[in-house]
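A short worksheet on the structure shown next.
Coordinate-derived values only; no laboratory data. Everything quoted here is computed from the prediction, not taken from an experiment. Glycine gets a Cβ as well: all are built from the backbone with ideal geometry, and neighbour counts include every protein chain shown.
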Amino acid sequence: MPTEELFGAYNFLLEISGVTPDSKTIIGGFKSVSGMDSETEVIEFKQGNDLVIRKKPGRTTYANIVLERGYTATDDLWKWRKNIEDGIIDRRSGTLTCLDQDLNTIVAQYNFYEAWPCKWYVPEQNSEASEMAIEKVEIAVEKVERVLR
């Protein structure tokens, strides 16, 4: 019996509409993308003299997505964040694409909608360290969905 193929978490592409001059372009070089989570609240209730507490799904919320990448002179994400700080509502959509080892075959895709950068992390600086400076941007989203194939 063949075993199920497992995929690495390190072959991915991230697209965000409007971050770079093209309407939808890859802004790669990310160390990590995390937080594409959803959670549905559990509503508990009883009916009449029922001895069992029933449960039904309530509202679904989506976690903030955290993007991490090596610090460069590129200011595409900062400009998007600056719009928010200046009171300009600038919501965008994007796609996280997970790839197979060949870097061409799409394993899974996740779309996110109504995203905007809600938090900016300036890279830590330490003259005694030898690691790379990492910038982080946290983006709030209203919905995440998996693209079914």
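Brief remarks on what is shown
- Once the mean of 1/r is taken over each pair of separate Cα atoms and inverted, region 12-147 shows a Kirkwood hydrodynamic radius of 17.2 Å.
- Magnitude of the charge dipole for region 12-147, about its Cα centre and with charges confined to Cβ atoms of Lys, Arg (+1) and Asp, Glu (-1), is about 580 debye.
- Note on 36, 132: ascending count of other Cβ atoms within 10 Å places them as 132, 36, the fewest first.
- Label-zone membership for region 94-117, site residue 149, 7 angstrom Cα→C-beta point, backbone N under 15 Å: 96-111
- Residue by residue, region 140-149 carries 3J(HN,Hα) couplings of 7, 10, 9, 7, 10, 9, 8, 7, 7, 10 Hz when phi is fed to the Karplus relation 6.51 cos²θ - 1.76 cosθ + 1.60 (θ = phi - 60°); x denotes Gly or Pro.
- For trypsin sites (Lys or Arg not before Pro), the sites in region 81-127 that DSSP calls loop and that have at most 16 other Cβ atoms within 10 Å are 91.
- For the chain, excluding the exposed loop sites themselves (chymotrypsin sites (Phe, Trp or Tyr not before Pro), DSSP loop, at most 16 other Cβ atoms within 10 Å), the longest remaining stretch covers 72-149.
- Sequence of 16, 134, 89 once ranked by neighbouring C-beta atoms within 10 Å, starting from the fewest: 89, 134, 16
- Least to most buried among 107, 144, 42 (fewest other Cβ within 10 Å first): 42, 107, 144
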